[in-house]
2 protein chains.
Amino acid sequence: MTRSTADLMADRARLLGPNVATFYDDPLHIVRGEGVWLWDAEGRKYLDCYNNVPHVGHCNPRVVEAICRQASTLNTHTRYVHEGILAYVERLTATMADALESAVLTCTGSEANDIALRMAEAVTGHRGIIATDATYHGNTSLVSQLGQSNVPTVGFGLDQYFRFVAAPDSYRNPDPDGALFAQSVAARIDALKADGTGFAALVVCPYFLNEGFPRHADGWLKAAAEVVRKAGGLLICDEVQSGFGRIGTHMWAHEKMGVVPDIVVLGKPMGNGHPIGGVVTSSDILGAFRSGYRYFNTFGGNPVSCAAAMAVLEEIEAEDLMANARKVGAYAQERLTILAGKYDVIGDVRGSGLVFGAEMVLDPADKTPASGYADRVINQMRQRGVILSKLGRHKNTLKIRPPMPFSTANADLLFDTLDAVLAQTPVAP
Amino acid sequence: MTRSTADLMADRARLLGPNVATFYDDPLHIVRGEGVWLWDAEGRKYLDCYNNVPHVGHCNPRVVEAICRQASTLNTHTRYVHEGILAYVERLTATMADALESAVLTCTGSEANDIALRMAEAVTGHRGIIATDATYHGNTSLVSQLGQSNVPTVGFGLDQYFRFVAAPDSYRNPDPDGALFAQSVAARIDALKADGTGFAALVVCPYFLNEGFPRHADGWLKAAAEVVRKAGGLLICDEVQSGFGRIGTHMWAHEKMGVVPDIVVLGKPMGNGHPIGGVVTSSDILGAFRSGYRYFNTFGGNPVSCAAAMAVLEEIEAEDLMANARKVGAYAQERLTILAGKYDVIGDVRGSGLVFGAEMVLDPADKTPASGYADRVINQMRQRGVILSKLGRHKNTLKIRPPMPFSTANADLLFDTLDAVLAQTPVAP
């Protein structure tokens, strides 16, 4: 006996409180998932073009089996020695540059960013953090204050240490080699030093996902990294969204951007939905943190989490999902570009691998964001069984970021549906 | 082919960094768990008298089955409607007073405490937090600064908002009705108001687990709660260790202490090791938090976490584990009391349900803490196949906090072994 969505929404308000947002005007009541597909309570099937957390596919058999096997064998904590965490960190760090050799495992990307900022404080002795003005790095008291799009009015005043640079925007404010971005960072560093706060770190998603994944040439972050290092600060790359092969060309977006970060932050897709996050860094930085701070995380790095995360790495390799992301992503951008030729509302097509999208504008010349229109498109797509979302500073960029086994046939269904929705949705409401 | 523990310890230092503590001088390499038992890599069996996270027993079949079933069906997030989280919060809040009617689910107790402090800030408009000077409430930048026993030297200076009262100590400084404790809290509140910080909340474990679980009469926290409310602050009870029936007499230790907290914080045992935590509070407080803060936790309250947590509640009820805790706990204290008559080093026997222990002292008159001796006892017990630990301000109190299916036969093995160890371990080294 299935309860109505309206009933469940009333229960949500009562049990989970106000302002617990759902996606879509007509919320989805999802009950089952498999690969790139989701089913609602009425048996309706949806193509998932949005969820990056089930990185290797909803209910991936390899991951499910790893979780079941380990959960029925042992699940404790890192106060005992266990091979699972060691084998996982060994394999994970092997995918990164030599200097990125050790890790702290957590349960969430938020916990990982919260550690990364403290590492920067421990190493530099300062607390000044620089981020972009259209980002999000998590939900703890400390890191939530980096999320300008989320403007918390509570949080113990931690924003006192944070400074923001304009998010890169390749469509409106081209910055081909990242020199302008580096200059903005340099200006904030100078200001932090001048006002006595001091500079600890620049924290960015190296593919600037929340900012709308601007089109950047390879090596684009080099100039900013140089400025950061010269000022004695650390470069923190939050790869929660951009990592694990999603961009198709590289396992980690920081590689594409031409930098080796001091700290890499991991989260969402790491355990395919099982709660695991982490920080990868050098022995020196980890040592500095651990000498100032006896960090322990009860669930972090437990045998089940590590088994899930290991299965994700194995699946990426076994199914060559990075190559799939590259191939399907290229195909998707071709199809999006064709649609852009047909519909003026598509102002810009961007992406790499299995993160791509289109910026919607009211007028191609003025580039006025069509935020409301993007919203209507997304809701229409949901009604037609295709799940996606939007992001960027103006919330007008389609956010398409499906599970990694997404195929060209899936892309065809996505774009055939998008074509139909755009044809039937007038830009002027 | 099993690798040596020494080999694995070298890998830990290399991959996980320095200062990642293990328990015992001779670290345990645990590979399997079932009920109250753990096995090491050499097949040796240990009686687990320490781990509270596997609340309903290591690899509890009901929990494992719930995790496997849900992980192979669907694992998404709360942006979609799902019955699992609603059914769980309904059942969880039904175990508490009416005012504790809604919840935010997280992945860890640390995340939950981090939210609880922000709730207090949102409701009161102030940031002054009071805790005891021998406690621990988690590992985020904010809440880690409450942990005096962990003295972090980094953490963005958040301790500026925190004030500490002496941890209660029924053995050395009796305070039968909690009036002295309430006076200390009142003095800190006055100081917070006088220095302009303002008062937001008192946060305590209602059974004062980390402080050494002092012997307190029922209703002991009433006086402090009254002081807190009169000053316009919130009472936060961190039930991460004391909740879910562990103390045997009540599902929640705050009931024994005679108070209804404004906020209850949950963690460790909630999902039997699966990463889930949460905050339970009133609709008004949750509303105040959510209006100042659009909190979202990607993994928090996901269908698998809720299935695991629901199975824990079901198992507690089906196996009447609270009654078992009461019965076995009473028996354990009898046996401990007999040992106290035999060995002068046992200065005090305390506990309730399946959290109990003995304070070790060099001299019953002076009550000088026998911290080093307690350490030797714990290591001897480990060598004899019984796992326990120590805690309290002086780290001289045996910490016995086994999985809830712990039986009187298990207690017999524990105390027979302890008797043998105490007989063979001279107090003067």
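What follows is calculated from the coordinates using simple rules that are stated; it is not laboratory data. Keep in mind it's a predicted model, so treat the numbers as computed, not measured. Cβ atoms come from the backbone with ideal geometry, glycine included; neighbour counts cover every protein chain shown.
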### Query
Using mean Cβ contacts within 10 Å as the protection proxy, how do B:70-78, B:93-101, A:258-266 order, highest first?
A:258-266, B:70-78, B:93-101
### Query
Got a sec? How would A:His82, B:His254 order by Cβ neighbour count within 10 Å, fewest to most?
A:His82, B:His254
### Task
Sort B:Phe181, A:Phe299, B:Phe415 so that the residue with the fewest other Cβ atoms within 10 Å of its own Cβ comes first and the one with the most comes last.
B:Phe415, B:Phe181, A:Phe299
### Task
Find the eigenvalues of the gyration tensor of the Cα atoms of the range B:289-429, then list the square roots of 5 times those eigenvalues as equivalent ellipsoid semi-axes, largest first, in whole angstrom.
36, 20, 14
### Query
How far apart, in nm, are the 7 Å Cα→Cβ label points at B:Ala423 and A:Asp133?
7.6 nm
### Task
Using a Förster distance of 30 angstrom, determine the FRET efficiency expected from the C-beta separation of B:Asn379 and B:Asn173, and round it to 0.05.
0.50
### Query
Separation between the B:Arg229 and A:Asp26 pseudo-spin-labels, each 7 Å from Cα along Cα→Cβ, expressed in nm?
4.8 nm
### Summary
Ordered by number, the trypsin sites (Lys or Arg not before Pro) in the range A:31-98 that occupy a DSSP loop and have at most 12 other Cβ atoms within 10 Å are A:Arg44
## Note on the structure
For the range B:173-184, in residue order, the Karplus 3J(HN,Hα) values (coefficients 6.51, -1.76, 1.60; θ = phi - 60°; whole Hz; Gly and Pro = x) are 10, x, 8, x, 10, x, 5, 5, 4, 4, 5, 4
### Task
Would you kindly enumerate the cysteines in chain B that have no other Cys beta-carbon under 4.7 Å from their beta-carbon?
B:Cys49, B:Cys59, B:Cys205, B:Cys237, B:Cys306
### Task
Just rank B:Cys68, B:Cys107, fewest to most, by other beta-carbon atoms within 10 angstrom.
B:Cys68, B:Cys107
### Query
In nm, one decimal, shortest first: how far is the label point of A:Ser283 (7 Å from Cα along Cα to beta carbon) from the matching points in the other copies?
5.8
### Task
Sort shortest first the distances from A:Tyr331 to its counterpart in every other copy, using label points 7 Å along the Cα-to-beta-carbon line, and give them in nm.
6.5
### Query
So which residue, out of A:Pro61, A:Pro269, A:Pro214, gets the largest mean-square fluctuation from a GNM of chain A using Cα contacts under 10 Å as springs?
A:Pro61
### Cα centre as origin, Lys/Arg/Asp/Glu Cβ charges: the range A:61-318 dipole, Debye
380 debye
### Task
Highest first, please rank the peptides B:187-194, A:372-379 by the mean number of other Cβ atoms sitting within 10 Å of their residues.
A:372-379, B:187-194
### Query
Tell me, how many Å apart are the Cα centres for the range B:248-275 and for the range A:232-263?
41 Å
### Task
For peptide A:129-140, compute the average count of partner chain beta-carbon atoms within 10 Å of each residue's beta-carbon.
2
### Query
With labels modelled as points extended 7 Å from the Cα through the Cβ direction, what inter-label distance (nm, one decimal) is found for A:Tyr331 paired with A:Asp284?
4.6 nm
### Query
Per residue of the protein assembly as shown, what 222 nm ellipticity follows from adding -39500 (n - 2.57) for every DSSP H run with n ≥ 4, rounded to the nearest 500?
-11500 deg cm²/dmol
### Summary
Counting other chain Cβ atoms within 10 Å of each Cβ in A:6-17 and taking the mean gives 6
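Suppose we take every Cα in chain A and form the convex hull; what volume per residue is that in Å³? Could you put the intermediate results ahead of the total?
Numbers: hull volume 65.1 nm³, N = 429.
Hull volume normalised by residue count: 152 Å³.
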## Note on the structure
Ordering A:161-174, B:395-408 by per-residue average of other C-beta atoms within 10 angstrom, highest first, gives B:395-408, A:161-174
### Cβ-defined net charge surrounding A:Ser144, 14 Å radius [Lys, Arg +1; Asp, Glu -1]
-4
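Can you give the average number of partner chain beta-carbon atoms within 10 Å of each beta-carbon in peptide A:66-72, as a whole number?
6
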### Task
Pop out the ³J(HN,Hα) list for the range A:38-54 in order, Karplus 6.51 cos²θ - 1.76 cosθ + 1.60 with θ = phi - 60°, rounded to Hz; leave Gly and Pro as x.
10, 10, 8, 5, 8, x, 7, 9, 10, 7, 8, 9, 10, 7, 8, 5, x
### Query
When each copy gets a label point 7 Å from Cα toward the beta-carbon at B:Tyr343, what are the spacings between them in nm, shortest first?
7.5
### Message
So if I take the centroid of the Cα atoms in the range B:303-344 and the same for the range A:362-385, what is the distance between those two points in Å?
### Response
57 Å
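From Cα pairs below 8 angstrom and at least 6 apart in sequence, can you work out the relative contact order of chain B, rounded to a whole percent?
Relative contact order, chain B: 21 percent.
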